[in-house]
Amino acid sequence: MSQAGASPTLRPLRGSDHRRVLADALAARAAGEVPLVGDERWSPEHWETLLRSVQRSPLPAGAAWASFTSGSTGRPRAILRSARSWEVSFSTVNATLGIQDDDAVLVPVHPVSSMATYAVAHAHHRGLRWSTPAGARLRSADLDGPTILHGTPVHLQETVELLESGAPTTLRAAFIGGARLGLGLAARARTLGLQVVTYFGAAELSLVAVDAGDGLRPIPEVEVEVHADTLWVRSEQTALDVLGEGGSFRRDGSWATVGDRAALSSEGILTLQGRADDAILTGGATVVPADVEAWLQGLPGVRAALVLGEPHPRLGQLVTACVEPTQEAALDARVLTEAARSGLSPAQRPRKWRLVAELPRTPSGKVRRLGPDEAFTLPLAAAPAATEAAR
């Protein structure tokens, strides 16, 4: 155990056995150390560089957990937080999901994501069994035993597809964060008998708001305010420190933000509008990529979508969509254009479509933000979906 007043000791962890890594993280916490999980796919040189950046100065007093975040930009930063900063929200999670003593949690998120360590910390705190998938993608066997899925929309999509194909399951609920969940996928999951609770948070802020079906509302442990369309949060959950360059984490006294644009209704419902630096300015209009992506991901045959602004001499930026179809989908630009005409405003409608084999994701499963140059190097989806066309 760490001596009183001494700087906490960092415990670096990574490996291909994700269950072992997460179990070792819990053991490190029990020993008074601060676990920091890396990605086994990083090169040894990159891993050592990241560790040196964290170890450059003593850890702050009270540090209990450390995690890397790259958001969607691919620039890892280390986030340091206290044990209390996570534990304060556990009672809300228990109440929202109706957690019972015999529940078991499936954690399919890569351990490098703070979502994974939060999930196992919560399970351990509540005395619940937890498991990780046998492979990178969920399989039918992974759904037999757990009762709660704690993952991202990608994991819910995989779960729904397995259940719709007849896979047996013991799952009763899904706790989904990391990215906006399309209404179509949520409806499919509920039709299959799953309770679906989505949440909004950030690695720096932890759990901010949950939506149990009646709108996204701040949890009781969190205060929120919206200033100049930017969401600010005040709670015990805010990280102690963030190490590394880049990122949009800012403090103003006891308040903090990561730059999310939002609106707060008089009924206390939050509407998220993406990060301020993601906005696309096209023909004098402002388009929020997250809004268009959420709508596209509700279309049949769409597994994931990335919307970006391509430089344009007349419009400023051209709304462009990269779409990852499901394996069986027969999508093309014509089908997507017709759908967009009926569901999106003129400014929101992509002027260019690119159907790709796979969109790159962060370790938490969120589609990674790409610039146009990088997006246009992605391999195209197999025919008949391999189509790119301007409207």
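If each Cα of the chain is one equal point scatterer, what is log10 of I(q)/I(0) from the Debye formula at q = 0.10, 0.13 Å⁻¹?
-0.67, -1.15
Might you report the magnitude of the Cβ-based charge dipole of the chain about its Cα centre, with Lys and Arg at +1 and Asp and Glu at -1, to the nearest 20 debye?
Dipole size: approximately 420 debye.
Once you have the Cα-Cα distance between Trp47 and Ala104, take 0.36 nm times their residue separation minus that, and quote the gain in nm to one decimal.
Values: separation 57, 0.36 × 57 = 20.52 nm, distance 3.23 nm.
The span from Trp47 to Ala104 would gain 17.3 nm if fully extended.
Apply the Karplus curve 6.51 cos²θ - 1.76 cosθ + 1.60, θ = phi - 60°, to the phi angles in region 338-355 and return the couplings in whole Hz, x for Gly and Pro.
Whole-Hz 3J(HN,Hα) from phi for region 338-355: 5, 5, 5, 4, 8, x, 10, 5, x, 5, 6, 5, x, 8, 9, 10, 9, 8.
What residues qualify as long-range amide H neighbours of Gln348, i.e. H under 5 Å apart, gap of 5 or more or another chain, H built at 1.01 Å from N?
HN-HN under 5 Å from Gln348: empty list.
For Val34, list long-range residues whose amide hydrogen, built 1.01 Å from N in the peptide plane, is under 5 Å from its own amide hydrogen.
So Val34 has HN proximity to Thr9, Leu10, Arg11.
Quick one: which residues, 5 or more positions from Gly15 or on another chain, have an amide H under 5 Å from its amide H? H modelled 1.01 Å from N in the peptide plane, none for Pro or chain starts.
Glu40
Using the Karplus curve 6.51 cos²θ - 1.76 cosθ + 1.60 with θ = phi - 60°, work out ³J(HN,Hα) for each residue of region 92-97 in order, rounded to whole Hz, and write x for Gly and Pro.
5, 4, 4, 5, 5, 8
Ratio of Rg to Rh for region 53-158, alpha carbon only, Kirkwood? Can you show the working numbers first?
Working: Rg = 15.3 Å, Rh = 15.2 Å.
Ratio of gyration radius to Kirkwood radius: 1.00.
In whole Å, what are the extents of region 279-390 along the principal axes defined by its C-alpha atoms, from largest to smallest?
Cα extents, longest axis first: 38, 31, 22 Å.
For region 10-195, what is the Kirkwood hydrodynamic radius in Å, using each pair of distinct C-alpha atoms?
On the way: mean 1/r = 0.0578 Å⁻¹.
With all distinct Cα pairs of region 10-195 included, I get 17.3 Å.
For region 150-159, what does the Karplus curve 6.51 cos²θ - 1.76 cosθ + 1.60, with θ = phi - 60°, yield as ³J(HN,Hα) per residue in whole Hz, taken in order and with x for Gly and Pro?
Once rounded to whole Hz, the list reads 10, x, 10, x, 4, 5, 5, 4, 4, 5.
Go through Ser114, Leu194, Leu138 and say which Cα lies farthest out towards the positive end of the charge dipole of region 10-195; charges sit on Cβ, +1 for Lys and Arg, -1 for Asp and Glu.
Checked the options; the winner is Ser114.
Read-outs: derived from the displayed coordinates by stated rules, not from any lab. A quick note: this is a predicted structure, and the numbers were derived from the prediction, not measured. As a convention, Cβ positions derive from the backbone with ideal geometry for all residues, glycine included, and neighbour counts pool all protein chains shown.
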